[in-house]
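Here is the structure we will look at, set down as structure tokens.
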Amino acid sequence: MNSVPPMEERVVLGVESSCDDTSMALLRGNKLLGQVDAVQLVHTDFGGVVPELASRAHQVHIGPVMDALLEQTGLDWADIDAVAYTRGPGLHGSLLVGSAWARSVSWALGVPLLPVHHMRAHILAHWVEHPAHDKNNGVRSAAPNLPAMGLTVSGGHTQLVRIDSPWDMEVVGETLDDAAGEAFDKVAKWVGLPYPGGPEVDRRAALGDPAAFTFSKPVVTGLDFSFSGLKTSVLSTLRKSIDAGRVFDESAINDVCAALQQTLVEMLVDRLEQAAIQFDCKSIAIQGGVSANSSLRKAALALGEKQGWSVHIPQSICCTDNGAMVAMAGQFLAEREQWGRLDDAPLARWPGLG
Ligand code: KG4
Ligand code: ZN
């Protein structure tokens with residue numbers, strides 16, 4: 001195996017395929033050289049990700065995504081010093097495609113493998129230096145001041161993580177049932193919006209009245225979350241209003257979106273505040289697909305202002321599942337020489353943060 005250059009010179013390929021996005025990026029140190037994402041439209045008609053279709057689509061996309069990345073960055077295969085890939089958690093068939101690709105590239109080039117935990121990678125997205133650094137809606141996309149309280153909100157996870165360093169982090173609270181993104185997507189589906197519902201709810205919430213509906217928040221002690229009770233509350237409220245003769249036209253759908261978004265954002269931000277105070281963190285970091293939500297961004301900024309904390313949210317291309325965060329996590333693994341092996345199997349379940 002070739003020797004590996006120091007971090008600032010090291011070029012790491014990041015391969016992400018844990019769910020329905022095939023994404024690859026090249027990072028030199030923490031600088032993003034380029035990223036190519038292939039979004040899978042095949043799931044739209046089903047209103048959610050179909051695992052078998054996701055793995056098949058990864059197979060189709062993965063080669064062309066790599067070709068496009070080399071073309072975009074002007075780099076060559078020989079420039080790659082190490083290959084990072086999402087080993088888990090995620091959909092098994094999807095993980096298999098990315099891990100087989102990464103292991104093949106590592107073997108063919110004779111460069112080390114870096115097996116990355118997906119949820120840790122979402123957090124390390126903050127460390128990626130993006131060329132358009134300052135265009136982030138007034139939110140910092142620089143690495144958070146440490147210790148920071150992280151909120152990871154995606155379609156599959158909702159976690160509070162105390163971040164002490166890129167290597168030392170601990171989950172201090174998480175959802176007991178569904179993820180926040182799942183609540184966005186499920187309610188969106190009920191009111192007839194396309195998958196994934198989160199971005200569409202975000203857009204329509206701006207046009208609706210959040211006071212038009214009241215959804216009850218489940219009571220959970222400590223730093224955990226629960227969103228399944230909220231979904232039930234939304235469903236029963238919608239049924240009651242239909243029984244009472246309310247017509248679900250465009251304006252009523254916008255109102256549901258506004259009320260749902262406001263309730264979810266309050267639940268997330270209240271817990272984040274409580275956790276940051278409890279663990280004495282003066283900085284908050286939000287990541288994962290739902291961190292693209294405009295209302296969550298505003299609420300996090302308002303919280304930061306109220307408490308005098310710094311607020312960090314990655315650039316939007318590093319919020320949803322992306323190769324850059326995987327390459328970044330790989331860079332930190334390489335710093336500690338935590339190499340993977342060619343016979344490492346993907347881990348659909350991988351408790352903690354790896
Ligand atoms: O991190 P991610 O890309 O994939 C997972 O690891 O799950 O997160 C996807 C989730 C979906 O539930 C999607 O609806 C949600 O992020 N999402 C949003 C927004 N953009 C994406 N939710 C609310 N508002 C948005 N703007
Ligand atoms: Zn994710």
ask   = When both residues are 6+ apart or on different chains and their Cβ atoms are under 7 Å apart, which pairs have a first residue that lies in the stretch 174-202 and is among the aromatic types (F, W, Y) and within 10 Å of ligand 1 (Cβ to nearest atom), and a second that is open to solvent by less than 30 Å² (accessible area, probe 1.4 Å) and assigned to a loop (DSSP other than H, G, I, E, B)?
value = Y195/G47; Y195/G48
inquiry  = Please pick out the residue among A348, A329, A324 that is within 28 Å of R103 (Cα to Cα), surrounded by fewer than 21 Cβ atoms within 10 Å (Cβ to Cβ), within 15 Å of ligand 2 (Cβ to nearest atom) and small (G, A, S).
reply    = A348
key: Failed condition for D185, given (1) acidic (D, E); (2) touching an Asp or Glu at 6+ places or on another chain (Cβ under 7 Å); (3) within 16 Å of ligand 2 (Cβ to nearest atom)   = (2)
ask   = Within the stretch 307-321, restricting attention to residues that are under 13 Å from V128 (Cβ atoms) and within 16 Å of ligand 2 (Cβ to nearest atom), which residue is surrounded by the most Cβ atoms within 10 Å (Cβ to Cβ)?
value = P314
query = Among the numbered criteria (1) more than 16 Å from ligand 2 (Cβ to nearest atom); (2) open to solvent by 30 Å² or more (accessible area, probe 1.4 Å), which single criterion is violated by A300?
reply = (2)
message = Just checking, does the stretch 181-188 include any residue being closer than 22 Å to D21 by Cβ and open to solvent by 40 Å² or more (accessible area, probe 1.4 Å)?
response = yes
task = Starting from the stretch 304-333, take each residue that is without any contact (Cβ under 8 Å) to a residue 12 or more places away in the chain and list its partners that are surrounded by fewer than 23 Cβ atoms within 10 Å (Cβ to Cβ), counting only C-beta distances under 9 angstrom and pairs at least six apart or across chains.
result = E305/V311; K306/E273
request  = Looking at (1) surrounded by fewer than 18 Cβ atoms within 10 Å (Cβ to Cβ); (2) at pLDDT below 95; (3) more than 16 Å from ligand 1 (Cβ to nearest atom), find the lone condition where N137 falls short.
outcome  = (3)
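Results for (1) under 30 Å from H61 (Cα atoms); (2) in a loop (DSSP other than H, G, I, E, B); (3) in contact with a helix residue (DSSP H, G or I) (Cβ under 7 Å, 6 or more places away or on another chain), shown as yes or no for each residue.
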site	(1), (2), (3)
F332	yes, no, yes
P346	yes, yes, yes
R349	yes, yes, no
L353	yes, yes, yes
inquiry  = Please count how many residues of the stretch 1-23 are farther than 15 Å from H118 by Cβ and part of a strand (DSSP E or B).
reply    = 3
query = Can you name the residue in the stretch 240-291 that is part of a helix (DSSP H, G or I), hydrophobic (A, V, I, L, M, F, W, C) and open to solvent by 30 Å² or more (accessible area, probe 1.4 Å) and, of all such residues, is farthest from ligand 2 (Cβ to nearest atom)?
reply = I242
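The values are calculated or read from the model by the stated rules, or taken from the named source; none is laboratory data. The structure presented is a predicted model; accordingly, all values stated were derived computationally and were not measured. Because the Cβ atoms are built from the backbone with ideal geometry, glycine has one as well, and the counts that use them run over all protein chains shown. Surface areas here come from the heavy atoms of the whole protein model, side chains and all, with no ligands, DNA or RNA. Shrake-Rupley method; radii C 1.70, N 1.55, O 1.52, S 1.80 Å.
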